[in-house]
Amino acid sequence: MMQQLKNIDTAFRYTRLFNAVLLVSYTCLCGYTIYSCLEKVEKAQQRIYLIAGERAVEAFASNRKDNVPVEARGHVRLFHQLFFELSPDENVIEGRMKKALYLADQSAKDAYDDLKEKNYYTSIISANVSQELNCDSVHLDLNQYPYHFRFYGTLRIIRTSAVVTRSLVTEGYLRDVDRSDNNTHGFLIQRWLTIENRDISVIKK
């Protein structure tokens, strides 16, 4: 009788041990399954499909920090193109300036107002002058915040009688702001200053 009770007790212990091992195994399996599913969902959310013509092109979302150099340079280039590339049309000039001033602070507005007071834009319209800007490089210092930048470009001023080429160098600082339809890069130019804007060649027509 005692032997039977002992055997039952041993069997019960083995059963409890087996159930405990089974429970731990199921818990680990469920945890791994949930983790794998969440990881796959996160990766799927980072995939973006862009429609180009009749084709769907797969793209991947990335962290903001990974794109700071590219987006910062793009922001600086876009601002300078909007500010300096001009056509002899009042509506075009005002439209481009409106877009440019969304990308910078009061320092850019002050520069625009100064040129306007000197009748710079009026002379462009009356003389049928066009301006084209070529960006040579944008140097960034990401070791400080706001980020310091220096823009190097070549400005071509196309007049009826001549084409003037100027060396253009500006500098300023970039700080983070919320993205919007008017500011897709999410930066704002501060303390913008023109360091150099001098003639390097004049070609008579």
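What nm distance separates the two modelled labels at T184 and R16, each placed 7 Å from Cα along Cα→Cβ?
For the pair T184/R16, the computed spacing is 6.8 nm.
What nm distance separates the two modelled labels at T160 and L140, each placed 7 Å from Cα along Cα→Cβ?
Between T160 and L140, the label points sit 4.4 nm apart.
Can you put T33, T170 in order of Cβ neighbours within 10 angstrom, beginning with the fewest?
On the way: T33 10, T170 23.
Final ranking by Cβ density, sparse to dense: T33, T170.
Please check which bits of the range 165-205 a label hung off K98 would reach, taking the label as a point 7 Å along Cα-to-C-beta and the cut-off as backbone N under 13 Å.
Answer for the range 165-205: 182.
Computed from the coordinates by the stated procedures, all read-outs in this text should not be read as laboratory data. Because the structure is predicted, anything quoted here is derived from the model rather than measured. Note that we place each Cβ from the backbone using ideal geometry, even for glycine, and neighbour counts take in every protein chain shown.
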